[in-house]
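Read the figures in this text as sums done on the coordinates, not as results from a lab. Quantities reported herein were computed from a predicted structural model and do not represent experimental measurements. Cβ sites come from the backbone with ideal geometry, for glycine too, and all protein chains shown count toward neighbours.
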């Protein structure tokens with residue numbers, strides 16, 4: 001008896017099990033098409049999640065940049081430093097998410 005990954009939830013299940021005890025996916029009755037459809041849906045959900053995170057990162061960057069540009073604070077003020085931090089964090093987060101999207105598309 002070996003452990004395999006469930007195509008629906010990626011958790012370990014027995015290769016003899018008819019259904020996944022974690023998500024209820026019918027492993028024993030699943031055709032190759034069903035398994036492929038589940039994997040495609042997981043990939044689609046991951047892609048959507050990364051795109052949503054990219055949007056939030058971009059909004060954080062734009063908000064921080066706007067506060068720096070139109071805030072009227074001096075560089076020694078706390079609000080100015082927070083705005084710069086938000087801009088830098090949003091930009092880095094956006095770049096990381098875009099790289100993750102490219103990796104997801106390339107290896108799928």
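If packing is taken as the average count of other Cβ atoms within 10 Å, what order do 33-43, 50-60 fall into, highest mean first?
50-60, 33-43
Just to confirm the number: angle between the C-alpha axis of helix 78-106 and the first principal axis of the chain, 0 to 90 degrees, nearest 10?
Taking the Cα atoms of the chain, the angle to 78-106 is about 30 degrees.
How would you rank 69-75, 21-27, highest first, on the average number of other Cβ atoms within 10 Å across their residues? Walk me through the intermediate numbers first.
Values: 69-75: 10.6, 21-27: 14.0.
Ranked from most to least packed, the peptides come out as 21-27, 69-75.
Using a Förster distance of 35 Å, how high is the FRET efficiency between residue 9 and residue 89, based on the Cβ-Cβ distance and rounded to 0.05?
The formula returns an efficiency of 0.65 here.
On the Cα set of the chain, report Rg and Dmax in Å, please.
Rg and Dmax of the chain, Cα atoms, are 21.7, 67 Å.
Divide by every residue of the chain the summed helix terms, -39500 (n - 2.57) for each DSSP H run of at least 4, and state the resulting mean residue ellipticity at 222 nm, rounded to the nearest 500 deg cm²/dmol.
Per the formula, -23000 deg cm²/dmol.
Contour minus end-to-end for residue 103 and residue 36, with contour as 0.36 nm per residue of separation and end-to-end as the Cα-Cα distance?
22.2 nm
Based on other C-beta atoms within 10 Å, arrange 65, 107 from fewest to most.
Ascending Cβ contact count within 10 Å gives the list 107, 65.
Given 10 Å bins starting at zero, what is the percent of C-alpha pairs of segment 43-106 in each, up to the one with the largest pair distance?
25, 39, 21, 12, 2
Using a Förster radius of 41 Å, what is the FRET efficiency between residue 16 and residue 63 based on their Cβ-Cβ separation? Nearest 0.05, please.
Efficiency, rounded to the nearest 0.05: 0.15.
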